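The values are calculated or read from the model by the stated rules, or taken from the named source; none is laboratory data. Just so we're clear, the structure is a prediction, and the values are computed from it rather than from any experiment. As a convention, Cβ positions derive from the backbone with ideal geometry for all residues, glycine included, and neighbour counts pool all protein chains shown. Ligands, DNA and RNA are stripped out before the accessible areas are found, and what is left, the full protein with its side chains, is counted by its heavy atoms. Shrake-Rupley method; radii C 1.70, N 1.55, O 1.52, S 1.80 Å.
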Amino acid sequence: MQRRRQIIQWGAAAAVAPATLLAQAQSFPAKPIKLVIAFPAGGPTDITMRSLADNAGKILGQPVIVENKPGAGGTLPAQQLQGSPADGYTIAQIPLGVFRLPYTTKISWDPVKDIAYVLNVTGYAFGLVVPADSPLKTWTHFVAWAKANPGKLSYGSTGTMTSPHLTMELIAQQLGLELLHVPYKGSADLMQSILGGQIMAAADSTGFAPQVEAGKLRVLNTWGAERLAKFPDAPTLKELGLNLVQNSPFGIGAPKGTPDAVVKRLHDAFKKAMEQESYKTALARYDMVPMYMGTAAYQKFAQDTFAREKALVEKLGLAKPS
């Protein structure tokens, strides 16, 4: 009899659970939401995502609080989702480096299957800069110096296995260069280092724009399909004879199992937040633009990118031993 009562109680609890989840989803959000981003305060990601979060918070009726979690090539926010409740109150930026993680590091989760993809919001514009007083005045000077001094030309990036790092390694591979890579936690740290003379060059998103405009740095090249409006004199990699384009889209994810209604509520609010002028203005400061992908399209992008990044990591010889 006791066993029968226990089974009935379990059945009742199982019936109540979906109803409770539905009620929670319908009242979402009932408290502030935490948005974890992958790079430090003061950089382009931080500044643009705080603008987006502020807009979204007003639409949702609850604050969206940004938490900076830099390091590990921008993958820590996605890892944090793995231990967070699937209720929509912890969401995270998903940089491209997340899709490389299983190929370079032993992890117990799947970047495609174990994240609920909400929407893509933008992508980085990238380039290579040197100090304004550097003798490496053009890309031709950079390549010639690197060839004459193997392993001595130091460049910084926003972290090991990030898009700036891997793109520079592809460039070096194509041109037969041996460069010295120095990883940082984000653009703010990287800019301090190059301005302080610790490194000779910096591969970064256009977080370097204010320093270039102030006359402290010079752009040697940019990595989009076309020249950037802000730096019309800087050639693209393709113009320099390298068949490479890098713009690194990123968006927002939630823990696996987050109710569809909550994902939709987040999607709709952040999509509307993307359309506001304050966000577009923040992006324009770094030659970035809104780059929208809806939930289904972003999930498909994650699947396709996961496969493509495997080929890149293997080409560079950076895959972890099997």
*Extended-chain gain in nm, criterion 0.36 nm per residue less alpha-carbon gap, ALA144 and LYS272*: 41.3 nm
_Centre separation in Å (Cα based) which lies between region 122-143 and region 175-235_ = 5 Å
*Return the calculated 222 nm mean residue ellipticity for the chain, to the nearest 500 deg cm²/dmol, obtained by summing -39500 (n - 2.57) across DSSP H runs with n ≥ 4 and dividing by the residue count.*
-13000 deg cm²/dmol
_For Cα extents along the principal axes in Å, pick the label among (1) 85, 48, 31; (2) 70, 47, 34; (3) 104, 41, 36 that corresponds to the value derived from the coordinates._
(1)
*Could the peptides 124-130, 105-111, 43-49 be put in order, highest first, of the mean number of other beta-carbon atoms found within 10 Å of their residues?*
124-130, 43-49, 105-111
*Label-point gap, in nm, between LYS137 and ALA319 - each point 7 angstrom along Cα→Cβ*: 4.5 nm
*FRET E, pair GLN80, LYS238, Förster distance 45 Å, beta-carbon r, rounded to 0.05*: 0.75
*DSSP-assigned coil residues among GluC sites (Glu not before Pro) in region 175-262, each with at most 12 further Cβ atoms within 10 Å*: GLU178, GLU226
*Residue-normalised accessible area of region 169-322, expressed per residue, 1.4 Å probe, Å²*: 48 Å²
*Carbon and sulfur atoms: what percent of the 1.4 Å accessible area of region 153-193 do they account for?*
51 percent
*Cα gyration tensor of region 126-240, axes a ≥ b ≥ c as square roots of the eigenvalues: rounded (a/c below 1.5), prolate (a/b > b/c) or oblate?*
rounded
_Please compute the length gained on full extension between LYS216 and LYS264, using 0.36 nm multiplied by the number of residues separating them and subtracting their Cα-Cα distance._
12.9 nm
